[in-house]
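Please read the structure below before turning to the comments.
Readers should treat all values here as calculations from the given coordinates under stated rules, not as data from a laboratory. None of the values given here were measured: they were computed from a predicted structure. Neighbour counts run over all protein chains shown; Cβ positions are idealised from the backbone, glycine included.
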Amino acid sequence: MAMEKLQAALDKARKTRSTPDHPPRLITSSGGGTGQPRPQDALWQALETFTVNPRDLETHRVVTHAASEAATPFDILRTKVLLQMRQQGWKRLAITSPMPQSGKTTTACNLALGLGRQRDLRAMLFDLDLRDPSVHDFFETTPPHSIGDLLTGDVDFAQQALRIGDNVAVSMSRGPVADPTRLLLAEQTAEVLDRIEADYAPDLMIFDLPSVLVNDDTRAFLKNADCALIVIRADATHYSQFNTCEREIAEQTNVLGVVLNAYRYGTNRKSA
Ligand SMILES: Nc1ncnc2c1ncn2[C@@H]1O[C@H](COP(=O)(O)OP(=O)(O)OP(=O)(O)O)[C@@H](O)[C@H]1O
Ligand SMILES: [Mg+2]
């Protein structure tokens, strides 16, 4: 799409998001921060850990495991997201796009690992692209159970999620999950997420979602998020697709911002 149109769309999104019109969900627990041991510390510690080879991460364009020039745009995005969400008392961030292959999962994984470098924070990443999950591929790790079993209540977060470092928990799939729209819409899913938030008191929960314009999955889930980031590809997203997607998301949650992916000026950059 033409750069001017895109710029106008971004300016408009920026204006809209400064006036949140979706009331915050009831916050059921608080992180504390007194330096005293907190009940959730033991739960975090008990999560099974996994490690990822930095070279493997980089082949998937996940670059935020350590500070670097490549990580800087994502670090800026992380800090902006964090500050805006804190200001509003929001904990749950949905990541979506108008059409597939926009860089949603890349953005979600980079945000999660970038947050992991903030030692005083705890972050969670959920792979809710249930038809075509890919977070496990990005991290080259197969979880013992799929996120679908977590959402139906068949397994607990303690058994299903895996931890990277001390403070990032990742809930992944082993493969496509049956009946995704029903699962994303279910009251049970909302209850499971509320329980995880109450027990583990994460500072941020990131949901990697499918694209808005291909099926009903994201629409079904958005009521569970406090806000959403829309990832668009400068070289592929059409203005009308962005517009429709933004309108649909804004009907359900607060549009936190737009990530313009693959906007080239010299090298690949991301901008928030
Ligand atoms: N800035 C970029 N430049 C070039 N390639 C990129 C860029 N960002 C992501 N990619 C690549 O594009 C592909 C799609 O990225 P990603 O999986 O993050 O998108 P997605 O929106 O989550 O896709 P899907 O809709 O399939 O879930 C990946 O191979 C990724 O490495
Ligand atoms: Mg994806």
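If I stretch the segment between Gln87 and Asp132 completely, what's the gain in nm (0.36 nm per residue apart, minus their alpha carbon distance), one decimal?
Roughly 12.9 nm would be gained on extension.
Could you point to the residue in Leu77, Ala67, Thr96 farthest towards the positive end of region 59-101's charge dipole, with +1 and -1 charges on the Cβ of Lys/Arg and Asp/Glu respectively?
Result: Thr96, furthest along the dipole toward the positive end.
Quick one: give the max-minus-min coordinate of the C-alpha atoms of region 116-272 along each principal axis, largest first, in Å.
43, 34, 27
Is the shape of region 36-177 best called rounded, prolate or oblate, per the rule: a/c under 1.5 gives rounded, else a/b larger than b/c gives prolate, else oblate, with a ≥ b ≥ c the square roots of the Cα gyration tensor eigenvalues?
rounded
Angle between the Cα long axis of helix 72-88 and the longest principal axis of the chain, 0 to 90 degrees, nearest 10?
The angle comes out at about 70 degrees.
At 0.36 nm per residue, minus the direct Cα-Cα distance, what do Thr72 and Arg182 gain on full extension? Give it in nm, one decimal, please.
Details: separation 110, 0.36 × 110 = 39.60 nm, distance 3.81 nm.
Extra length available between Thr72 and Arg182 comes to 35.8 nm.
Hey, what angle do you get for helix 3-17 against the long axis of the chain, alpha-carbon based, 0 to 90 degrees rounded to 10?
50 degrees
Using DSSP, restrict attention to beta bridges with both residues in the chain and report what percent are antiparallel, rounded to the nearest 5. Mind showing how you got there, number by number?
Working: 7 of 33 bridges.
About 20 percent, rounded to the nearest 5.
How would you classify region 223-268 from its alpha-carbon gyration tensor, with a ≥ b ≥ c the square roots of the eigenvalues: rounded for a/c under 1.5, else prolate if a/b is greater than b/c, otherwise oblate?
Oblate is the answer for region 223-268, as a/c is 1.5 or above yet b/c matches or exceeds a/b.
Could you grab the relative contact order for region 38-129? Cα pairs under 8 Å, six or more apart, rounded to a whole percent.
30 percent
Can you give me the three principal axis dimensions of the chain from its C-alpha atoms, in Å, biggest first?
Here the Cα extents, ordered largest to smallest, are 51, 39, 38 Å.
What FRET efficiency would be calculated for the residue pair Glu191, Ala262, taking the C-beta separation as r and a Förster radius of 41 Å, to the nearest 0.05?
The pair Glu191/Ala262 has a calculated efficiency of 0.60.
Once you wrap a convex hull around the alpha carbon atoms of region 95-202, what is its projected area averaged over all directions, in nm²?
For the Cα atoms of region 95-202, the hull's average projected area reads 6.7 nm².
Rounding to the nearest 20 debye, state how big the charge dipole of the chain is about its Cα centre with +1 on each Lys and Arg Cβ and -1 on each Asp and Glu Cβ.
Numbers: 30 positive and 34 negative charges, 212 e Å.
Computed charge dipole of the chain: roughly 1020 debye.
Compute the helix-to-body angle for 104-116: its Cα long axis versus the longest principal axis of the chain, expressed 0 to 90° and rounded to tens.
50 degrees
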